[in-house]
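So the structure is just underneath, and the comments pick up after that.
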């Protein structure tokens, strides 16, 4: 019987999403060990190039989230070291992480996206950049960090934007707020998984706490929507995955406005190339619904790993 591969699981890092990455990484490492792989857990620091040269793994499982981990940076290092790795490659990761460029590519592929403006937080002042309601978000952050929702009753833009200790870049994206249901669908290779309806509990939207705290949201799988909309979300998720050049597993997030007096819009918000793999995460839940266990899911990702992704 052939010996299974040595897998280095990258986790942690030094950005805002470090705690989530550690949870994802340790969960994936446990599942890979259960599947029989030799696993080394790597808490990523700025010496990661030297760490990997010493370890010489057969495959790298990328469980990093946020800047450096999913924006093409670590992928470039892995390409340089010629180490096969999971998830998307340099271009796909970089493109999907940049919300503005990703929307342009998706729109060109016929995927519905919402209108937006690029704004500098110092220029917003006391005048709304667009008619409320709208959303302000950093262009290159994940896990809803820095997201601000401006409702119709706001007289002026959020005052957080003028603070000297604003922790995100000055250039932001301002986009039309789409009311309705939060729906998401994962793609595994070129195969769509199920569609989940996310219902945040005690949160105004699917923010960091709703994503990662136990009980922060309710997941309805399969989503109770019309078969046509369900299939359309699956089709658009695969189309977005392919248009952005994603590989391995990705997850597309949507808003669907089906209110009685709503516009009936189905809008793709973004594509996540490094979706969470924590106990409360969506992709493992979707895979389980398809009969794919967590060890089988991460094993598939390891066997799918390559360079030049």
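Just so it is clear, none of the values below were taken in a lab; they were calculated from the coordinates. In this text the structure is predicted, and so the values were computed from the model without any measurement.
The table for this structure:
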quantity	calculated
Candidates 93, 293, 237, ranked by Gaussian network fluctuation over the chain, Cα under 10 Å, top entry	293
Between segment 1-75 and segment 165-187, the alpha-carbon center distance in angstrom	27 Å
Percent RCO, i.e. relative contact order, over segment 6-131, from Cα pairs under 8 Å lying at least 6 residues apart	23 percent
Mean projected area (nm²) of the alpha-carbon convex hull when segment 116-176 is viewed from all directions	3.8 nm²
